[in-house]
Structure formats: structure tokens, C-alpha cells
Amino acid sequence: MKLVGTTLASLIIASMFGCAATPPSPELVDARTGYARAQTGPAKAYTPAELETARQALEKAEYAYKDDPGSQKAKDLAYIASRKVMLAEVRGRIAQEEKSRTDADEAFKTAAQQELTDKNSMLQNQNEQLNMEQQARRNAEQRAHDALDRLSALAAVKEDTRGTVITLSGSVLFATNKSDLLPGASERLNQVADALKEQPDRDVTVFGFTDSQGNDAYNQSLSEKRAASVRSYLIEHGVSADKIKSVGKGKADPVADNASAEGRANNRRVEIVIGAAQQQSTQQPMK
Amino acid sequence: MACRMPDLAPMKPLSPLFAGLFALGATAVIGCGSSPPPTSQVATSSAEIRAAKELDAESVPSAQYYLKLANDQMSEAAQLMNDGQNEKAARVLVRAQADAELATALARETKTKKAAEDTQAQLRALRNK
């Protein structure tokens, strides 16, 4: 009975001590673990001042707890400390995010600037190339023009709907009823070849014409052979074969009256027609 | 407010009437507790809550809880002041301020994070062009 009494008494005393040793409030526990965590988080590097504020708040809370664990003051200070600790952590993360945003922004600006520079230099290159091409085209046109100018001293050169027409008199090129070129033809035809070579993109047609005298079939054949002779000569002198063709027109399309000798002489002729420029593009075709 | 200290007369030699009034006033002050209402703390805490709301803390999940705590404690403090428990009200108001500050920071964190992500997405988009 006595033993039971002492045991009971000691239990009561033990329980009383247990009560006296008030456990820390959840807020104080939060503040302690939070502070330990914050020390290894971004707040350490980014917002050390906030972390220090939190540490001071926690210190105050610890003192108040030691002083009087169950007091309202201890609870309040623990509450404040837990919030200050979280605040330090959040502000550390904010600073970190802001840093990463600034970095990304910098990288963005650098990359955008680089892109702009690349684009500019690409545009500049394109422009230069374009200018060079334009200049080259202008030069070629000038040369072609000059060549035709020189030619016009030796042959009739005119423009009509078919393009540029060079007319050469038949008597200068061929003996009567022959389709072989006379030696004297070469000077004129060389000039023609030069002019044609300056415009390699144009299609050229050589037309042969006769007067109206004699047999039509014969005239047709003769005009074809003469046109072909001129074509061959021009090809031999550098004009691209696939750009030039020959056509015999016989007595068709007279330019003068066949009743007179002079008119007939004018009708016996070869016309070299330089077609209009083809749509030329130096750029890659669009797809 | 019922607990405000009555204005005291200029310091002249006290007449019996004034002495009586003074005694009454003193009694009133003691009745209200020993401290004046924590008006400046009310202002500070309210301002912090406004700041949190301006950052849209109400719609930020991480901030909502702390904003609610702050609001609840503001109401609690108002009730306590009504009941003349100014000292206790002041303590609750300090807690409310701490909660509101945290809510503000959490709301800002969300915005900052969003901005950082947007900028990084922009950067990625530019680089993948």
C-alpha cells in the first residue's frame, strides 16, 4: 500500500515535470528547421541580409522560449520567427529568379543583336551581288549596243515587232543563184557574229528572201540554202548553234517592188532577226 | 473611442473640481488597460495586406493561406480593441503583418518566376529559329 502510494506520487511528480518542460511550439519548430534549410538555399547567396533578419528573429524566439516556454511572448516571437524565416527563403528565391531572368534577357539581347548583324551582312552580301549582276548586265547591254552600232555602218539595222533586224543585201553575200558565201561577206558576217555573241541569251533567226522571178520552188530552196549558209557561218564564228535557226521565205514578204531591177535587188536579201530578250534570272528559281 | 484618454486641462493649480475630473479620467484609463490602441500597427498591417492584394495574392495558391491568416487576425485585433484589449490586439496585429509580408513575397515570387520563364522561352524561341 505504501509502495503503491510512493509510485503514484512519483508518477504525479514526473507528470508535473513533464508539463513544466513545455515542448516548443510548432512555429518554433518550423522556424528552426526552416532556418536550417534556408542556410543551404538561394537566400544564403542572394539575400544574406534577409537571412540575418530571420536569424535575429529566431534568436529572440529562442530566448523567450528559454525564459518562459509557455508564455504568450514566446509563442508570438516563434510565430514571427517562422514567418521571417519563410520570408527570407522566398525573397532568396525571388532574387534568384530575377537573376535568371536578367541573364536570359541579356542572352536574348545578345542573340537578337547577333541575328540582326547576321541578317544585315547577309542583306549586304545580297545587295553587293545584285549590284554586281546589274553592273554586269549593264555592261553586256552596252557591249551589245556598241556591237550593233559598229554593225550599222555595214548593214541596215532596225527594230521592228520581231526584235532587232539586220538586213544584208543578197548581192553582197552570194553570187547569182548560188548559196555559197562570197569572200567579201565575211567582214559583215563577222560583225554580225560579234553582235550576236554579245547577246547570247537571245534567239536568232536567219531569214532568206528572193525576188519573185523564176520558179517558186527553186526560190524557196535557194532562200533556205542561203539562210542555212549564213547560219553555219555564224555558228563557225562563235554563235551558239541551239540559239540560231534558219528559215527560207522564197519570194514572200518583199520590201520593194519586184517590177524594177532595183526593187528586185532589194528583195534579194538575208534578214537576221535578234529576238526580244528572254526573261533572264540569275537567281534560283522559286519553288 | 471609449478608451481614449480625456484631454487634460492646462497645468494650473488644480481646483477641487478639476481634481475630481482627473481622478475620473485616471480611472477610465486604468479600466481600459494600461496601453493606448495600437493605431500605427493597425495602419502598418493594413498597408501590408493591401500590398499583398495589389500583387493579386488572393489568386496565388501559395499566398492565399497567409493572406487569409493576416485578414483573420486583423478582424480578431479589431474585436480585441473593441473589447479594450489593446495589448493583445497589438500582438495579433504584428502576427498579421508578418503573414501579410509573407503573402506579398509569395505573390511576387510567382510573378517573378513567370517573367523569368517567359524570358527564357523567348530566348529559346530565338535560338531555335
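I'd like the full set of residues that are of a type outside the set (D, E, K, R) and farther than 12 Å from A:Lys84 by Cα, limited to the range A:44-74. Please lay out each step first, then the result.
Residues of the range A:44-74 that are of a type outside the set (D, E, K, R), as a first pass: A:45-49, A:51, A:53-54, A:56-58, A:61, A:63-65, A:69-72, A:74.
Hits for the range A:44-74 are A:Ala45, A:Tyr46, A:Thr47, A:Pro48, A:Tyr63, A:Ala64, A:Tyr65, A:Pro69, A:Gly70, A:Ser71, A:Gln72, A:Ala74.
Pairs please, first residue from the range A:122-149 and in the same structural domain as A:Glu198 (by TED's automatic domain parsing), second anywhere and among the small types (Gly, Ala, Ser) and assigned to a helix (DSSP H, G or I), Cβ atoms under 6 Å, 6+ apart in sequence or on different chains.
A:Ala147/A:Ala195; A:Leu148/A:Ala195
Please verify whether B:Ala96 is buried (at least 21 other Cβ atoms within 10 Å of the Cβ), aliphatic (A, V, I, L, M) and within 9 Å of chain A (Cβ to nearest Cβ), treating the condition exactly as stated. Talk me through it step by step, then tell me what you get.
Working: buried (at least 21 other Cβ atoms within 10 Å of the Cβ): yes; aliphatic (A, V, I, L, M): yes; within 9 Å of chain A (Cβ to nearest Cβ): no.
Considered against the rule, which asks whether it is buried (at least 21 other Cβ atoms within 10 Å of the Cβ), aliphatic (A, V, I, L, M) and within 9 Å of chain A (Cβ to nearest Cβ), B:Ala96 comes out as no.
Take A:Glu198 and decide whether it is within 43 Å of the chain's Cα centre (by Cα) and free of Cβ contacts under 8 Å to residues at least 12 places away in the same chain. Spell out the reasoning first.
On the way: within 43 Å of the chain's Cα centre (by Cα): yes; free of Cβ contacts under 8 Å to residues at least 12 places away in the same chain: no.
Answer is no for this residue.
Could you tell me which residue of the range A:54-87 is nearest to the other protein chains (Cβ to nearest Cβ), considering only residues that are without any contact (Cβ under 8 Å) to a residue 40 or more places away in the chain, over 25 Å from A:Gly41 (Cα atoms) and of a type in the set (Lys, Arg)?
In this case the residue turns out to be A:Lys73.
Read through the list (1) at positive phi; (2) surrounded by 13 or more Cβ atoms within 10 Å (Cβ to Cβ), then give the number of the only condition that A:Thr164 fails.
Checking A:Thr164 against (1) at positive phi; (2) surrounded by 13 or more Cβ atoms within 10 Å (Cβ to Cβ), the one that fails is (1).
Can you run down the residue pairs with Cβ atoms below 7 Å, 6 or more apart or on separate chains, where the first is in the range B:100-112 and more than 9 Å from chain A (Cβ to nearest Cβ) and more than 10 Å from A:Val90 (Cα to Cα) and the partner is β-branched (Val, Ile, Thr) and part of a helix (DSSP H, G or I)?
B:Ala100/B:Ile49
I'm told B:Asn82 meets every condition in (1) in contact with a helix residue (DSSP H, G or I) (Cβ under 7 Å, 6 or more places away or on another chain); (2) of a type outside the set (Val, Ile, Thr); (3) more than 7 Å from chain A (Cβ to nearest Cβ); (4) over 23 Å from B:Ala51 (Cβ atoms) except one. Can you identify the failing condition by its number?
(1)
Filter the range A:98-148 down to residues that are surrounded by 11 or more Cβ atoms within 10 Å (Cβ to Cβ), small (Gly, Ala, Ser) and within 26 Å of the chain's Cα centre (by Cα), then give me how many there are.
Qualifying residue count for the region: 4.
The values are calculated or read from the model by the stated rules, or taken from the named source; none is laboratory data. Worth saying up front: this structure is predicted, and the values here are computed from it rather than measured. Quick reminder, even Gly has a Cβ in these numbers, built from the backbone with ideal geometry, and neighbours come from all protein chains shown.
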